[in-house]
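Visitor: For reference, the structure I am asking about is given below.
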Protein chains: 4
Amino acid sequence: MSMNTFGHLFRVTTWGESHGPALGATIDGCPPGVPLTAAMIQHWLDMRKPGQNKYTTQRREADEVEILSGVFEDITTGTPIQLMIRNTDQRSKDYGDIAEKFRPGHADITYWQKYGIRDYRGGGRSSARETAARVAAGGVAREALRALAPNLTVTGYMVQMGPHGIDRSAFDWDQIAQNPFWTPDAAAAANWADYLDGLRKSGSSVGAIIEVTARGVPAGLGAPIYAKLDTDLGAAMLSINAVKGVEIGEGMGAATLTGEANADEITMGPDGPVYSSNHAGGILGGISTGQDVVVRFAVKPTSSILTPRRTITKSGEPTQIITKGRHDPCVGIRAVPVGEAMMACVLLDHVLLHRGQIGENRGSIG
Amino acid sequence: MSMNTFGHLFRVTTWGESHGPALGATIDGCPPGVPLTAAMIQHWLDMRKPGQNKYTTQRREADEVEILSGVFEDITTGTPIQLMIRNTDQRSKDYGDIAEKFRPGHADITYWQKYGIRDYRGGGRSSARETAARVAAGGVAREALRALAPNLTVTGYMVQMGPHGIDRSAFDWDQIAQNPFWTPDAAAAANWADYLDGLRKSGSSVGAIIEVTARGVPAGLGAPIYAKLDTDLGAAMLSINAVKGVEIGEGMGAATLTGEANADEITMGPDGPVYSSNHAGGILGGISTGQDVVVRFAVKPTSSILTPRRTITKSGEPTQIITKGRHDPCVGIRAVPVGEAMMACVLLDHVLLHRGQIGENRGSIG
Amino acid sequence: MSMNTFGHLFRVTTWGESHGPALGATIDGCPPGVPLTAAMIQHWLDMRKPGQNKYTTQRREADEVEILSGVFEDITTGTPIQLMIRNTDQRSKDYGDIAEKFRPGHADITYWQKYGIRDYRGGGRSSARETAARVAAGGVAREALRALAPNLTVTGYMVQMGPHGIDRSAFDWDQIAQNPFWTPDAAAAANWADYLDGLRKSGSSVGAIIEVTARGVPAGLGAPIYAKLDTDLGAAMLSINAVKGVEIGEGMGAATLTGEANADEITMGPDGPVYSSNHAGGILGGISTGQDVVVRFAVKPTSSILTPRRTITKSGEPTQIITKGRHDPCVGIRAVPVGEAMMACVLLDHVLLHRGQIGENRGSIG
Amino acid sequence: MSMNTFGHLFRVTTWGESHGPALGATIDGCPPGVPLTAAMIQHWLDMRKPGQNKYTTQRREADEVEILSGVFEDITTGTPIQLMIRNTDQRSKDYGDIAEKFRPGHADITYWQKYGIRDYRGGGRSSARETAARVAAGGVAREALRALAPNLTVTGYMVQMGPHGIDRSAFDWDQIAQNPFWTPDAAAAANWADYLDGLRKSGSSVGAIIEVTARGVPAGLGAPIYAKLDTDLGAAMLSINAVKGVEIGEGMGAATLTGEANADEITMGPDGPVYSSNHAGGILGGISTGQDVVVRFAVKPTSSILTPRRTITKSGEPTQIITKGRHDPCVGIRAVPVGEAMMACVLLDHVLLHRGQIGENRGSIG
């Protein structure tokens, strides 16, 4: 219902603006008894932190998370967990030029029309800084999943930057943490470095596609419709700012397939059903099959660019705008840990929902 | 929260299985005072009804809707509206072969694993029949929107069938209702007819992409994150069975664009901001701009095909399966009115939410 | 969130007006695998049915429930259960006099003001007929509880009618089903019969207090605040029309006690903690203790009486009103099975919530 | 849905334990454009602050509220408002004795059973300290109501302490702020001072009844059932810890009335309907009438008392317990501003809901 909350039983509400005193996440419904420290969450925040290389905004935030509630003696209590991150680097003077002008492709104008608020210091709630709160919440979800689904892992990576996609035949899980783009294709990483450097120098920006894969997901999570695992994962990704498209398994490409090509054939393995392929992205009829759950989402290019664009002022006068702030040439890079976090939160939520309504899976095979 | 409900203030819960006595929609939160009759809803159901031409399942359902509550003297009362559609053509013998075998690419197997239920008569909740309830609810939403957003229209159409996309330069709104595929491209309609006929005869099936456009949407609907209009529209479409991908505006293609290309430049028109293009799909920062709202979704091919596929039985034995039931070679055709209905429901919901929290837009331009 | 729904995981939405074609309950989130037939639900509806003796309205409704979905071969499937009850006796001519006048103490006037609807045939959603849908839903909850909390029983009974309370020392569980007032005090039943007969003949009405006790409730259900078991039970009872007060354990009387008197002392029994008393009504800090859960609620007297009362018409003219319809001199009688149904629904919901977040109770004693 | 959230559109989630670093409230759905400063909220927190006189706990908390988000240049932005209050006085050594023993009448034991957590420093989430977050949220609701319902005022006061009720004929609104018990009856205040002093010295405690009245409530708020204004107000009060009963208007006493006595007769005044009395507590059929909305709730006596009570330890051994911490002899005193805050939040929520579904009241009289 609420505008800033997601989840059914594991519910996360994020709060905070890019240039206010702090931002964070209020987490309700976490199981009790989960080992949890600030350091565990900090690990994931550090992955996302801007300013780590020349490809992300030079805004430098410590992004130190503080646990204000819900944890006692490093164990979750089952009560709300409040995670707070102070904003420290708020050089708002950079943004002075945009107080009166709307950036084309940016939330400025609709935000103003709806709320009558023009937070000239930055993007307010629509700033990418909000995603720090998601990453923190995802850190909690990962710890809770450890006990409930011990084999489950969540890994995000970039598969396309602008027009340049990865070579799937070169996919290497171990490569992902080795390059600034979180991509599993070493050659792509090298090419993207040059490409992005050019964009950065020209003050331009570009979009990207992120894929997030969860391995070790138990069969049975989700529901046939509305709360389809596809729906909740898709909504989670679409709720990230700048995301304009989402795919499960074959995604939009499923439209091009015949029924023969799309059907993942089934055989019986030692531990249950085995599928010959994974066009379904690990979800059949809204419910997880036990295969890898695969989600992709597209992040549009940052609207803050140095090339002048035509726009209008708050008083309706025609003008041009150049945005000089510290921005990411490819915000998709920082979206990788965000996508991972959303996947972790949604899967934990569905593990709890499943246990609530069903207990254990009721149908056995073989 | 709930597994079979969507919407915040205008809440729709659908119920019913493909082969039970009836199915329908329970609608809570409809404004009072809306003129509403069964005939108004029937109009939209008739558009979706199967068996109208050789390209959709030959199952013949009357799909007659009955209003059981919430309407008095042809006016909504503001109390729950119950819409019921009796199932009349339940020839379940056709499905006999699948009682023990799981159809690859179908919800059968996960449904069984989770619920321990094998409704051998049909797909249960995961049957496309459930979408009749959505279409009926969409009919109510359309009538309610008439008073609240009088210029708003919602139109769905098919833009791709299998590998064959439409020619955007041949787009003709008036063509949409003239062909069995609801496509705006007359030449595509002719080609698809041949293509689909071939598939039908060979017992195969194919996917499709549907686009739904809402024109006349007021600026200001939505929220910066989580309840982004993109999120709620995307979730609505992903909740339809067989949908595996969704796009707003440029969608996945936004990844390939530079910031310059993606930004819709703004000028001032007589009635407010005017945009030079609509890469954003009518939604900036999660909030509607006043431009056309454009959503696309991919429907995978039906898994019920005549070509044998390898699978297993409930007891884990390897086998093969052919599905002989009455199925659609391209279920995407019938998804067109379903996508329209979801768009109408989501937009009405956001009109009510906006009025609840904000009243009227608070920021004026010019 | 929704206006006509209650419950978190076991969610019940009721629909239907007193004089429309039908009413019912849409139940989402019921566990799969629960044996369920219409006859099982009918059993509880028959208890509530009006017209069974001279103390309840002479309106005669068959109140036959039909299961339209969610059950296959007499087993719940885990999908939405739709329960429908057709209205059969809709003699609306009796109500003609009230089409233009507002009944003092009745929802007529506020309903009109808010919705602009004057359903002159009866009370619309505020009619006591709505409670049939609750009783039907409660029947489903009871069957689901059988597997999840096998020792749990729910029993409602009347403890006060007008100024006449029961003698607690004469409390006899077996007496409850033996008299038309569902009271555990045989002497009270006899006295109330005379008292109510007098009221009925004079066209008057009177209020009542109902108590509902759940025995065999496992310890651990609920939450410290907001979702306190007290809160959810209290809200459930207050949501019944005509209910204006609710108490858990000592209830309002807790105000008069000292800390010494109110504290239920604890000793250790063979199966866990044993309490010396039950002032808390089986709920400490919002969480069930394992003792009997005890809730009471007050039902105000029917506003439909034969003594003329001053009121106004829709056009604001002063007038008087007498209500000649078929009404209950003490609607509290029919509220007994309704209170039971609400208790069953809330307890099942909390059993599922508890399992979802916690699994099994985590703290052991002894 | 969530365990620590209340409200439909104006949603408040409180977080924080009595002895953690901080506590607070996350508020989602507040309208934009409301003037708001920390000082405005502090005003209400200061009313509730413990340690102000000898009748409340001597724990001294600064209870200084910090606004971390949702407000820009002293105006709400429509995004989540985060209110944080640091815990400063956490002398937890006083509680040492209760680490192993359960306090009879306290949440200790059920909290342990459910969560496996024994926060020996204090009551965790079930501590009365949580109510500071409610008061802060109520401060926000009051400011938002100023614009939406300018004549609306909310006033709480104590009407009973232990066995001693007020004299309704001596009711004086101006007296309420003049005595430490927030009671409108000056003579009662004097008597209660002596009575409570005796209790305090003997280490005992006592319960109380609080009444909260909202004046200037517009007609039309609420719904016929489930979201009855009675239900939401009742649930709000029952969600406060130690509350065990709630009444609207006549409350439990409605059971003793006849239909003639209970009906508030209606005449026509210059501004709309005028009622001869207010047995209904300003709510008919779940919807506000425009009269004063009157809610009462009972607070049980603190379980922390100096008289030894029999109990058990975590290992199940029988023992006795005396609680020496700094506690309130009558926690009901501090519940007065809490009840006011809940009333303000619920009314604001219903103002927004009403506007969302209905816009303006649709039925006029006269």
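Visitor: For segment A:87-102, does any single residue satisfy the condition of being in contact with a Leu (Cβ under 7 Å, 6 or more places away or on another chain) and either open to solvent by less than 30 Å² (accessible area, probe 1.4 Å) or at pLDDT 95 or above (or both)? I'd like the intermediate steps shown before the answer.
Guide: The first filter runs over segment A:87-102 and keeps only residues in contact with a Leu (Cβ under 7 Å, 6 or more places away or on another chain), leaving A:87.
Still in the running and either open to solvent by less than 30 Å² (accessible area, probe 1.4 Å) or at pLDDT 95 or above (or both): A:87.
Scanning segment A:87-102, I find at least one residue that is in contact with a Leu (Cβ under 7 Å, 6 or more places away or on another chain) and either open to solvent by less than 30 Å² (accessible area, probe 1.4 Å) or at pLDDT 95 or above (or both), so the answer is yes.
Visitor: Moving on. How many of the residues in segment A:276-299 are more than 8 Å from chain B (Cβ to nearest Cβ) and hydroxyl-bearing (Ser, Thr, Tyr)?
Guide: Of the residues in that region, 1 qualify.
Visitor: Within segment C:145-164, can you find the residues that are in contact (Cβ under 8 Å) with a residue 40 or more places away in the chain and within 19 Å of residue C:246 (Cα to Cα)?
Guide: C:154, C:155, C:156, C:157, C:158, C:159, C:160, C:161, C:162
Visitor: A further question on this structure: Scan segment D:147-163 for residues that are within 14 Å of chain C (Cβ to nearest Cβ) and either open to solvent by 50 Å² or more (accessible area, probe 1.4 Å) or over 18 Å from residue D:300 (Cα atoms) (or both) and jot them down.
Guide: Answer for segment D:147-163, where residues must be within 14 Å of chain C (Cβ to nearest Cβ) and either open to solvent by 50 Å² or more (accessible area, probe 1.4 Å) or over 18 Å from residue D:300 (Cα atoms) (or both): just D:163.
Visitor: On to the next question. Scan segment D:108-136 residue by residue and report those that are under 17 Å from residue C:275 (Cβ atoms) and either acidic (Asp, Glu) or open to solvent by 10 Å² or more (accessible area, probe 1.4 Å) (or both).
Guide: Pass one, segment D:108-136, residues under 17 Å from residue C:275 (Cβ atoms): D:108-114.
Result: D:108, D:111, D:112, D:113.
Visitor: Taking into account only those residues within segment D:105-127 that are of a type in the set (Lys, Arg) and in contact with a Ser or Thr (Cβ under 6 Å, 6 or more places away or on another chain), which is nearest to the other protein chains (Cβ to nearest Cβ)?
Guide: That would be D:125.
Let's see how each residue does on (1) closer than 13 Å to residue A:83 by Cα; (2) among the small types (Gly, Ala, Ser); (3) in contact with a Leu (Cβ under 6 Å, 6 or more places away or on another chain):
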| residue | (1), (2), (3) |
| --- | --- |
| A:6 | no, no, no |
| A:9 | no, no, yes |
| A:24 | yes, yes, yes |
| A:28 | yes, no, no |
| A:32 | no, no, no |
| A:36 | yes, no, no |
| A:41 | yes, no, no |
| A:46 | no, no, no |
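Visitor: State which residue pairs qualify: first residue touching a residue at least 60 places away in the same chain (Cβ under 8 Å) and inside segment A:173-199, second residue basic (Lys, Arg) in any location, beta carbons under 8 Å apart, and separation of 6 or more residues or different chains.
Guide: Taking only residues 6 or more apart or on different chains, the pairs are A:197/A:54.
Visitor: Is it the case, given these coordinates, that residue B:310 is part of a strand (DSSP E or B) and farther than 26 Å from residue B:120 by Cβ?
Guide: On the way: part of a strand (DSSP E or B): yes; farther than 26 Å from residue B:120 by Cβ: no.
The answer is no for residue B:310.
Visitor: As an exercise: evaluate residue C:222 against (1) touching a residue at least 60 places away in the same chain (Cβ under 8 Å); (2) farther than 23 Å from residue C:284 by Cβ; (3) touching a Ser or Thr at 6+ places or on another chain (Cβ under 7 Å) and give the number of the one condition it does not meet.
Guide: Condition (2) is where residue C:222 drops out.
Visitor: Can I ask one more? Go through the residues of segment B:334-353 one by one and say whether even a single one is in contact with a strand residue (DSSP E or B) (Cβ under 7 Å, 6 or more places away or on another chain), more than 7 Å from chain A (Cβ to nearest Cβ) and open to solvent by 40 Å² or more (accessible area, probe 1.4 Å). I'd like the intermediate steps shown before the answer.
Guide: Start the filter on segment B:334-353 by keeping residues that are in contact with a strand residue (DSSP E or B) (Cβ under 7 Å, 6 or more places away or on another chain), which leaves B:335-337, B:339-340, B:343-345, B:347, B:350.
Next, from what is left, pick out any that are more than 7 Å from chain A (Cβ to nearest Cβ): B:335-337, B:339-340, B:343-345, B:347, B:350.
Those left that are additionally open to solvent by 40 Å² or more (accessible area, probe 1.4 Å): none.
For segment B:334-353, residues in contact with a strand residue (DSSP E or B) (Cβ under 7 Å, 6 or more places away or on another chain), more than 7 Å from chain A (Cβ to nearest Cβ) and open to solvent by 40 Å² or more (accessible area, probe 1.4 Å): absent.
Visitor: Can you pull out the residues in segment C:1-30 that are at the interface with another protein chain (Cβ under 7 Å from one of its Cβ atoms), surrounded by fewer than 24 Cβ atoms within 10 Å (Cβ to Cβ) and assigned to a loop (DSSP other than H, G, I, E, B)?
Guide: The answer is C:1, C:8, C:21.
Visitor: Which of (1) over 19 Å from residue D:254 (Cβ atoms); (2) of a type outside the set (Phe, Trp, Tyr); (3) within 21 Å of the chain's Cα centre (by Cα); (4) open to solvent by 10 Å² or more (accessible area, probe 1.4 Å) is the odd one out, the single condition residue C:166 does not satisfy?
Guide: (1)
Visitor: Exactly one of (1) out of contact with any helix residue (DSSP H, G or I) (no Cβ under 9 Å at 6 or more places or on another chain); (2) over 30 Å from residue D:29 (Cα atoms); (3) more than 8 Å from every other protein chain (Cβ to nearest Cβ) is unmet by residue B:329. Its number?
Guide: The one condition residue B:329 does not meet is (1).
Visitor: Picking from C:307, C:311, C:302, which residue would you name as being in contact (Cβ under 8 Å) with a residue 24 or more places away in the chain, at the interface with another protein chain (Cβ under 7 Å from one of its Cβ atoms), more than 23 Å from residue C:165 (Cα to Cα) and crowded, with 24+ Cβ neighbours inside 10 Å? Please lay out each step first, then the result.
Guide: Working: C:307 fails: crowded, with 24+ Cβ neighbours inside 10 Å; C:302 fails: more than 23 Å from residue C:165 (Cα to Cα).
C:311 is the lone residue from the list that is in contact (Cβ under 8 Å) with a residue 24 or more places away in the chain, at the interface with another protein chain (Cβ under 7 Å from one of its Cβ atoms), more than 23 Å from residue C:165 (Cα to Cα) and crowded, with 24+ Cβ neighbours inside 10 Å.
Visitor: Quick one: which helices (runs of 4 or more DSSP H) sit completely within segment B:170-285 and have at least 3 residues that are open to solvent by less than 30 Å² (accessible area, probe 1.4 Å)? Quick ask: steps written out before the conclusion?
Guide: Numbers: elements: B:186-201, B:229-238, B:259-262.
In segment B:170-285, the matching helices (runs of 4 or more DSSP H) lie at B:186-201, B:229-238.
The values are calculated or read from the model by the stated rules, or taken from the named source; none is laboratory data. Note that the coordinates shown come from a computational prediction; the quantities given were computed from them, not determined experimentally. Positions of Cβ are backbone-derived with ideal geometry, glycine not excepted, and every protein chain shown enters the neighbour counts. When the accessible area is computed, the model is the full protein with side chains, heavy atoms only, and any ligands, DNA or RNA have been set aside. Shrake-Rupley method; radii C 1.70, N 1.55, O 1.52, S 1.80 Å.
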